[in-house]
Amino acid sequence: MNSPIILALDTKELETAKSWIEATNESIGIYKIGLEFYLKFGADGLRRLADAGDFKIFLDLKLHDIPNTVSAAVSSVIDLAPKFLTIHASGGAAMIRAASDAAPNVSITAVTILTSLSDSDLVEIGYAKNSKSSAASLAKLASENGARSIVCSPFEASEIRAVVGDKLEIITPGVRPTGADLGDQKRVMTPKEAVTAGANYLVIGRPITDQAKISLTSMSETAASILDSLN
Ligand code: C5P
């Protein structure tokens, strides 16, 4: 399934994750496994999802350590053959390079600036530039050191695209269909706006997964209608 939507499987229940894949697999071909799921079920949990459909994995482990440790950590998950594997770009050039070299067939995905951080948070940590400029610099660093994709806010996508060209795939969370509940996301774009801004893939969670509280059919329809909205 060739779809730009990546569904965030934010659940601690393996059977729930499976049912979400089954319900949406006609519109979605990539599922994001984050720390919540991975720290509970590990690699075995991921393998147990395999028969729920035909899909690829976005493994969102946000690795950040010395290059040698990150390289070894990447090697430890290589058997799972994720399509995307996240690291923090702020780990620096050598760390990004170590991750990329350890998994030449995986799209190493550099997280730029967490969208939960405000400009004043960045000053507090010691960043010299605001979030937009810092994200663009980190995207450039990632691109120069073998990362093939980055995660950023849709509001930073066009600026980053101008800096890195078409070399990197841009993945944006913070996406909400018109009228959807914002939840804890503050600044959002619609899926269509995010793609127009330069996103290649959209990470979407609750606007789709919350529909499972109504029914899996409703979840399936919502995923299909978001995909339709992109055409
Ligand atoms: O439910 P929602 O659509 O907000 O989910 C978005 C997903 O993207 C969650 O898994 C969240 O952790 C992740 N994410 C995010 N903002 C970031 C980075 C990741 O919302 N800056």
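The values are calculated or read from the model by the stated rules, or taken from the named source; none is laboratory data. Computed from a predicted structure; not experimentally measured. Positions of Cβ are backbone-derived with ideal geometry, glycine not excepted, and every protein chain shown enters the neighbour counts. For the accessible areas, the whole protein counts, side chains as well, though only heavy atoms, and no ligand, DNA or RNA atoms are used. Shrake-Rupley method; radii C 1.70, N 1.55, O 1.52, S 1.80 Å.
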Heavy-atom accessible area with a 1.4 angstrom probe orders Tyr127, Tyr31, Tyr201, most exposed first, as Tyr127, Tyr201, Tyr31
How would Asp119, Asp181, Asp228 rank on accessible area, largest to smallest, probe 1.4 Å? Asp181, Asp228, Asp119
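Where nothing but the Cβ of Lys and Arg (+1) and of Asp and Glu (-1) is charged, how large is the charge dipole of the chain around its Cα centre, in debye to the nearest 20?
340 debye
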Rank these by accessible area, largest first, 1.4 Å probe: Thr196, Thr109. Thr196, Thr109
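Rounded to the nearest whole Å², what accessible area per residue is found for the range 95-138 with the 1.4 Å probe?
Numbers: 2090 Å² over 44 residues.
With the other protein chains kept in place, the range 95-138 gives 47 Å² per residue.
Mind checking the alpha-carbon convex hull of the chain and giving the volume per residue in Å³? It would help to have the intermediate numbers written out before the result.
Numbers: hull volume 27.3 nm³, N = 231.
Given the Cα convex hull of the chain, per-residue volume reads 118 Å³.
Among the trypsin sites (Lys or Arg not before Pro) within the range 1-69, which fall in a DSSP loop and have no more than 14 other Cβ atoms within 10 Å of their own Cβ?
On the way: sites: Lys12, Lys18, Lys32, Lys40, Arg47, Arg48, Lys56, Lys62; in loops: Lys12.
Taking the range 1-69 and a limit of 14 other Cβ atoms within 10 Å, the loop trypsin sites (Lys or Arg not before Pro) found are Lys12.
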Please enumerate, by chain and number, the lysines with C-alpha under 24 Å from the C-alpha of Lys213, excluding those fewer than 8 residues away in the same chain. Lys12, Lys18, Lys32, Lys40, Lys186
Only Cα pairs within less than 10 Å get springs; with that Gaussian network setup on the chain, which residue of Leu202, Leu114, Leu59 has the largest fluctuation? Leu114
How many angstrom separate the Cα center of the range 188-204 from the Cα center of the range 1-79? 21 Å
Percentage of Cα-Cα pair distances in the range 27-160 greater than 17 Å, rounded to whole percent? 59 percent
